[in-house]
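Worksheet: one structure, shown below.
The values are calculated or read from the model by the stated rules, or taken from the named source; none is laboratory data. All of these numbers come straight from a predicted model, not from anything done at the bench. As a convention, Cβ positions derive from the backbone with ideal geometry for all residues, glycine included, and neighbour counts pool all protein chains shown. Just so you know, the surface numbers come from the protein's heavy atoms only, side chains and all, with ligands and any DNA or RNA stripped out. Shrake-Rupley method; radii C 1.70, N 1.55, O 1.52, S 1.80 Å.
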Amino acid sequence: MKIDILKTESHHKDFQKLVYDLDLYLAEIDGEDHSFYAQYNKLDAIKNCIIIYIDKEPIACGAYKKYDDQTIEVKRMFTKEHYRGKGYAKMVLLLLEKWAKEEGYNFSVLETGVQQVSAVHLYEKSGYSRIPNYEPYENVENSICFLKQLVY
């Protein structure tokens, strides 16, 4: 099994395919709320993307965008179902954090849904602390927001 890692931008076809699969998955989970969340997950603002390949097949991705001068927001985390629970999402997250630190960011924030139990577990295990929901998720009961300090 050969693992490759690609740093790219959101226009990359493999990233877009994984995000398409992510959106199908989230539409099932989020139900009626999916269109609300979809408006905040447009790819045009995302320049920093990671794709993990196994034997040339794209199996996991994640990205971040600038939240403010000190902070990135992690977006579009996804692992194909067959590869879940094997550490690939954690690998993507660590690579995104490393990249953000190299670019001078000190903090990472993210939002996930209350029904995404495995995602919540990943972020807590990865050192993220739950925070009050930030804009635009402030009054959204199905959202959970997290913060991690990247540089100490």
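See the values below:
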{"item": "Positions within the range 50-76 being touching an Asp or Glu at 6+ places or on another chain (Cβ under 9 Å), over 18 Å from Thr112 (Cβ atoms) and buried (at least 18 other Cβ atoms within 10 Å of the Cβ), in sequence order", "result": "Ile51, Ile52, Pro58"}
{"item": "Where a residue in the range 1-18 is touching a residue at least 60 places away in the same chain (Cβ under 8 Å) and open to solvent by 50 Å² or more (accessible area, probe 1.4 Å) and its partner, wherever it lies, is assigned to a helix (DSSP H, G or I) and among the aliphatic types (A, V, I, L, M), with Cβ under 7 Å and at least six apart", "result": "Ile5/Leu95"}
{"item": "Residue list for the range 91-129, restricted to those being among the basic types (Lys, Arg), touching a residue at least 12 places away in the same chain (Cβ under 8 Å) and within 15 Å of Lys65 (Cα to Cα)", "result": "Lys101"}
{"item": "Total residues in the range 77-90, condition outside any strand (DSSP E or B), without any contact (Cβ under 8 Å) to a residue 40 or more places away in the chain and open to solvent by less than 70 Å² (accessible area, probe 1.4 Å)", "result": "4"}
{"item": "Total residues in the range 97-147, condition in a strand (DSSP E or B) and either among the hydrophobic types (A, V, I, L, M, F, W, C) or open to solvent by less than 30 Å² (accessible area, probe 1.4 Å) (or both)", "result": "12"}
